[in-house]
Structures are given as C-alpha cells and as structure tokens.
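The values are calculated or read from the model by the stated rules, or taken from the named source; none is laboratory data. None of the values given here were measured: they were computed from a predicted structure. Cβ placement follows ideal geometry from the backbone for every residue including glycine, while neighbour counts extend to all protein chains displayed. Note: areas computed on protein heavy atoms with side chains; ligands, DNA, RNA excluded. Shrake-Rupley method; radii C 1.70, N 1.55, O 1.52, S 1.80 Å.
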Amino acid sequence: MRLILFSVLSAVLLAGCGYDFFMNKPVTKQIVSISSGDRTLSLDGEVAVEDDFLALKLKSEFFRGNADVKLEDGKYSIKVRNLPLDESKFQQFEKDIYAIYYAGDYPHKSSVKMFGKTEMKGKTKIVYDTDGYEIYKVSYSNNQIYMLNVLMEYSVVIDIGADSWGQN
C-alpha cells in the first residue's frame, strides 16, 4: 500500500513540475508579422535569444493556435498547433530565424553556420547563400527587425522594445 501511495504522490509531484521553456533566460515580448503579397499573419510572441540558444513562443488569438520554436546545440524543434502554416513553411522559418538572429554573428553568435557570406551595411545585414546569391536583407532599428526573403518574396517584421536585443 505504501508503494502505491508513494507512486501516486510521486507522479502528482512530478506532473506539477513544469519544464521551463525559456531555460531561465531573459524573455522579450514581441509581435511577429509574416507577410506575403496581400496576406499577413500577425502573432504575439515571447523570445529568449542569446548565443547558440533561442526559445520562441508564438500565439494567434484569431486562429486559437500557437507555435513553439527552440534552437539548442544547432538543432531546431518546432511544435505548431492550429496555425495556417504547413510544415514546409516552418522549415523555411528556421532559416529565417537563423538569418535574423545569427547570420554573420550579428546580433548573436552561433557555432553552426547555415549560409555563405554576410555583409553589414550600416544597420542592414545582407545574407548570401553558399553559391553567392543574395537571399536575405535584414534591417535593424531600435524597435523593429525587418527581414526580406529576396528569393521567395515575403517578409517577417518583428516589433520589439528599444532595449530588448543585440545586447552581447
């Protein structure tokens, strides 16, 4: 009887211990808008980002959906529920996130390299594929990151607080 009681109590206590998605890192609130042509998907987000680590939670009240994106040790994990984006779009989103936060080691560094060369021109980062084609333009301001995927002709706009990113 003690063993059963101990097992039940252990299960209840362990179920109450939640996994810290952000790994006790500082979290920034943001609005992420993905636009293609005349269609835009806006998501409320929270992100914790630093060198070689990213945890991003996105939520849509309209679609009653969400997405959890995590990058650790060069590996992505993505969970999507009830958002109008298929798996291939989220695989592309992995590259977009890398281009925004890690390409050219700006504003954060990554031990994994995903693209070819990167040039900084003022506050604009231009990312090239390994074969030399320009694929991204990423512009940074105090409260917004604007990423244009040149090849696929869509953009991602991240509205953030003025002191939220780029603090290495």
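In units of the compact-protein estimate 2.2 N^0.38 Å, segment 20-159 shows a Cα radius of gyration of 1.00. When only Cα pairs below 8 angstrom with a gap of at least 6 residues are kept, segment 76-158 shows a relative contact order of 16 percent. In segment 20-159, taking the dipole from charged Cβ atoms about the Cα centre, the farthest positive-side position among 74, 30, 150 is held by 30.
Surface composition of segment 20-159: carbon and sulfur make up 49 percent of the accessible area, probe 1.4 Å. From most to least packed by mean Cβ count within 10 Å, the peptides 87-93, 144-150 give 144-150, 87-93.
The relative contact order of segment 20-159, computed from alpha carbon pairs under 8 Å that lie at least 6 residues apart in sequence, is 18 percent.
Annotation: per residue accessible area for segment 20-159 equals 55 Å², rounded to a whole number [probe 1.4 Å, protein chains only]. Rounded to whole numbers, the Karplus 3J(HN,Hα) couplings from phi for segment 74-87 are x, 10, 8, 10, 10, 10, 10, 9, 6, 10, x, 10, 7, 4 Hz, using 6.51 cos²θ - 1.76 cosθ + 1.60 with θ = phi - 60°, and x at Gly and Pro. Between residue 142 and residue 42, what FRET efficiency follows from the Cβ-Cβ distance if R0 is 25 Å, with the result rounded to 0.05? With R0 = 25 Å, the Cβ-Cβ based efficiency is 0.75.
Between the amide H of residue 136 and those of 127, 150, distances stay under 5 Å, these residues lying 5 or more places away or on another chain, with hydrogens modeled in the peptide plane.
Converting phi to 3J(HN,Hα) with the Karplus coefficients 6.51, -1.76 and 1.60 and the offset θ = phi - 60°, segment 129-143 yields 6, 5, 8, x, 7, 6, 10, 9, 10, 10, 10, 10, 10, 5, 10 Hz in sequence order, with x at every glycine or proline.
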